[in-house]
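Single-structure report; data block below.
The values are calculated or read from the model by the stated rules, or taken from the named source; none is laboratory data. What you see is a predicted model; the values in this text were computed from it and never measured. All Cβ positions, glycine included, derive from the backbone under ideal geometry; neighbour counts span all protein chains shown. The protein model used for the area step is the full one, side chains on, heavy atoms only, and it has no ligands, DNA or RNA in it. Shrake-Rupley method; radii C 1.70, N 1.55, O 1.52, S 1.80 Å.
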Amino acid sequence: MAGAISEEEVRHISMLARLKPSDEEVHRFSEQLSAILAYMEQLNEVDTTDVPPTAHALPVHNVFRDDRPGSSLSPDQALANAPQRDDNFFAVPKVLEQDSV
Amino acid sequence: MQRSQFKYRPIIGLEIHVQLATRTKLFCSCPVVFGAEPNSCVCPVCLGMPGVLPVMNRQAYEFSVRTAIALNCQIAPFTKWDRKSYYYPDLPKNYQISQYDLPLGFDGAFDVPVDGGGESRRVRIRRAHLEEDAGKNLHETPGITQVDLNRTGTPLLEIVTEPDLASADEAYSFCVELQKLVTYLGVSEASMQKGQMRFEPNINVVIADGDREYRTPISEVKNLNSFRSVRNAIAYEIERQINDWLADRDYVIDKRSKENRGWDDNRGVTEFQRGKEEAHDYRYFPDPDLVPVEIDDTWLERIRASVGELPRERQSRMARSYGLTESDAATILSDKATADLFEQAASAGHPPTLGKQFISFWSAKANERKVAIAALGIDAERLGQLSLMTADGIINATATATIAEKMLACTDPPRTIAETEGLLQVRDEGQMNAWVDQAFAANEQAVRDALANPKKMQQARGFLTGQVMKISGGQADPKIVGKMITEKLANMAG
Ligand SMILES: [Zn+2]
């Protein structure tokens with residue numbers, strides 16, 4: 001199948017997203033993602049020779065706001081849905097190594 | 001293997017993040033505040049809640065374009081926003097909004113002084129783009145990582161140079177000069193203490209063995225946050241790469257991949273960070289939540305007009321119009337507020353003398369207090385007056401320093417202080433003559449020696465001048481005294 005997503009690719013994408021799917025899930029996602037991609041492949045049938053590339057679907061640009069502070073949430077509101085908090089911090093499992101932005 | 005049989009040429013490029021001085025974040029109206037209570041400057045947008053929509057901060061965009069113009073960049077008439085995959089808890093959307101293939105500025109150049117300021121090196125700027133910062137992960141509590149998202153979404157300008165720098169000192173100079181530029185432009189506070197400038201140098205070395213050239217693999221030192229660490233980390237990396245190559249001729253760019261290294265400031269070494277090539281799959285794609293930016297000529301011209309005089313232009317102008325050396329002008333210009341104060345004071349004073357006073361005792365006073373001269377709290381008017389009094393010779397160097405010290409503690413004009421403290425030089429001829437006569441009378445032997453032996457004339461004149469100064473309690477004008485003594489000796493010699 002053209003554009004098929006192999007189980008190996010599913011494992012790679014999962015690793016990038018810090019997810020650990022089971023073997024059964026890897027198999028299932030591989031089939032599902034391949035089917036989605038095959039469906040999207042239909043778009044390739046459209047002749048786009050004279051259509052300029054676009055980065056956006058809307059014919060709109062320059063939507064800005066002024067640099068004026070608005071209200072933020074309180075720490076309690078911000079942390080209300082956190083699975084775990086420590087003082088006013090979100091608490092997450094230990095992050096060992098990290099990239100910088 | 002003899003180290004000295006080869007020639008070494010370091011190749012250095014820089015990637016610099018500058019936090020912009022906006023009041024609010026890049027895509028939401030949360031305030032940007034340093035040191036606020038954790039997670040108190042957050043909202044659904046910067047928390048990455050589902051269904052929220054980011055809206056661009058115009059000021060952040062204009063600050064970025066202003067900087068790109070000052071770096072002589074081409075300004076992209078059309079840019080868009082891209083998502084860069086990033087899976088760490090300090091950026092909870094799991095992507096960073098950035099500019100990938102269409103940076104807002106590109107192909108620029110920035111001249112930085114090298115070799116102590118006499119020469120300058122042109123460093124090409126590859127690109128400048130705007131992106132959002134991540135929050136902070138703290139690792140102090142055992143077993144967990146604490147996450148503070150106050151910084152998440154703060155606007156960062158990323159500036160990437162071509163590898164045009166040739167030494168650790170040049171890279172240092174570039175960083176210093178860039179900090180000066182962004183503070184001048186008013187686009188960033190650029191405080192190292194607050195982490196508002198972060199540096200990532202790329203380094204490798206070309207090793208020449210006669211006609212043959214070898215290149216060491218490129219290393220990138222991550223996340224440096226002071227000028228000093230930039231210089232030290234680069235100097236360390238150059239040495240390390242040369243030594244690694246001397247020990248292993250396969251340590252070359254074709255046979256090794258690029259590596260990331262971390263700088264350990266306490267030990268003064270860089271350390272290899274485990275290879276994460278696989279994780280470096282950013283999978284950029286256009287952000288569908290944000291519309292593109294188009295800059296037309298009118299807008300661009302308006303931003304261009306806001307650039308103003310750049311630090312190096314100002315340095316030449318100030319050196320020229322105030323009679324300062326380039327290096328004194330550079331010292332005064334290292335803080336914008338101080339340079340502004342200087343220019344105001346110069347209009348009320350004697351500019352060259354003022355320049356000397358700025359780089360001598362005013363800087364010393366400022367350094368003692370660990371602030372800039374502008375933060376000493378002395379107004380331009382009084383600074384100018386003091387320089388005029390010194391230049392006119394109505395106070396001597398010692399009196400100037402004493403008055404300066406007192407000016408820090410009160411708001412009196414320097415003349416009032418000089419009068420109160422009896423520090424004005426006496427130029428009244430009657431009084432001066434009396435002092436000279438007194439000195440001659442008390443030192444007859446010295447006078448006789450001078451008259452008898454012309455070789456001793458110079459020495460005696462100096463001695464007698466010192467005596468007059470002593471008698472007058474430092475109030476006599478030494479130039480006039482010197483002249484009077486010369487005349488008196490000449491008359492006596494007949
Ligand atoms: Zn927010």
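Of all residues in segment A:50-74 being more than 7 Å from every other protein chain (Cβ to nearest Cβ) and among the β-branched types (V, I, T), which is nearest to the chain's Cα centre (by Cα)?
So the residue we want is A:T54.
Would you say B:R151 is open to solvent by 30 Å² or more (accessible area, probe 1.4 Å) and either closer than 28 Å to B:G48 by Cα or not in a strand (DSSP E or B) (or both)?
Working: open to solvent by 30 Å² or more (accessible area, probe 1.4 Å): yes; either closer than 28 Å to B:G48 by Cα or not in a strand (DSSP E or B) (or both): yes.
Yes; evaluated as a whole, the condition is true for this residue.
Can we say B:D115 is touching a residue at least 24 places away in the same chain (Cβ under 8 Å) and either in contact with a Ser or Thr (Cβ under 6 Å, 6 or more places away or on another chain) or more than 14 Å from every other protein chain (Cβ to nearest Cβ) (or both)?
On the way: touching a residue at least 24 places away in the same chain (Cβ under 8 Å): no; either in contact with a Ser or Thr (Cβ under 6 Å, 6 or more places away or on another chain) or more than 14 Å from every other protein chain (Cβ to nearest Cβ) (or both): yes.
When the stated conditions are applied, B:D115 does not pass them.
Test of understanding: among B:V307, B:V293, which residue is within 14 Å of another protein chain (Cβ to nearest Cβ) and open to solvent by less than 40 Å² (accessible area, probe 1.4 Å)? Break it down stepwise before answering.
On the way: B:V307 fails: within 14 Å of another protein chain (Cβ to nearest Cβ).
The conditions single out B:V293.
Among the listed residues B:I485, B:I417, B:I403, identify the single one that is assigned to a helix (DSSP H, G or I) and more than 23 Å from B:L354 (Cβ to Cβ).
Numbers: B:I417 fails: more than 23 Å from B:L354 (Cβ to Cβ); B:I403 fails: more than 23 Å from B:L354 (Cβ to Cβ).
Going through B:I485, B:I417, B:I403 in turn, the sole match is B:I485.
Just one of B:S188, B:S173 is closer than 30 Å to B:C43 by Cα and either surrounded by 22 or more Cβ atoms within 10 Å (Cβ to Cβ) or over 26 Å from the mean Cα position of the chain (by Cα) (or both); which is it?
Numbers: B:S173 fails: closer than 30 Å to B:C43 by Cα.
Going through B:S188, B:S173 in turn, just one is closer than 30 Å to B:C43 by Cα and either surrounded by 22 or more Cβ atoms within 10 Å (Cβ to Cβ) or over 26 Å from the mean Cα position of the chain (by Cα) (or both): B:S188.
Need a quick list: helices (runs of 4 or more DSSP H) entirely within segment B:256-344 having at least 2 residues that are at pLDDT below 95. Let's see the steps before the verdict.
Details: elements: B:297-305, B:311-322, B:326-333.
Of the helices (runs of 4 or more DSSP H) lying wholly inside segment B:256-344, those with at least 2 residues that are at pLDDT below 95 span B:311-322, B:326-333.
Take B:W245 and tell me if it is outside the structural domain of B:C28 (by TED's automatic domain parsing), open to solvent by less than 30 Å² (accessible area, probe 1.4 Å) and out of contact with any helix residue (DSSP H, G or I) (no Cβ under 7 Å at 6 or more places or on another chain). Step through it out loud before you land on a result.
On the way: outside the structural domain of B:C28 (by TED's automatic domain parsing): no; open to solvent by less than 30 Å² (accessible area, probe 1.4 Å): yes; out of contact with any helix residue (DSSP H, G or I) (no Cβ under 7 Å at 6 or more places or on another chain): yes.
So B:W245 does not fit the description; no.
Please go through segment A:75-98 and give me each residue that is of a type in the set (G, A, S) and within 7 Å of chain B (Cβ to nearest Cβ), ordered by number.
Residues of segment A:75-98 that are of a type in the set (G, A, S), as a first pass: A:78, A:80, A:82, A:91.
Once the filter is applied, which keeps residues that are of a type in the set (G, A, S) and within 7 Å of chain B (Cβ to nearest Cβ), segment A:75-98 yields A:A78, A:A91.
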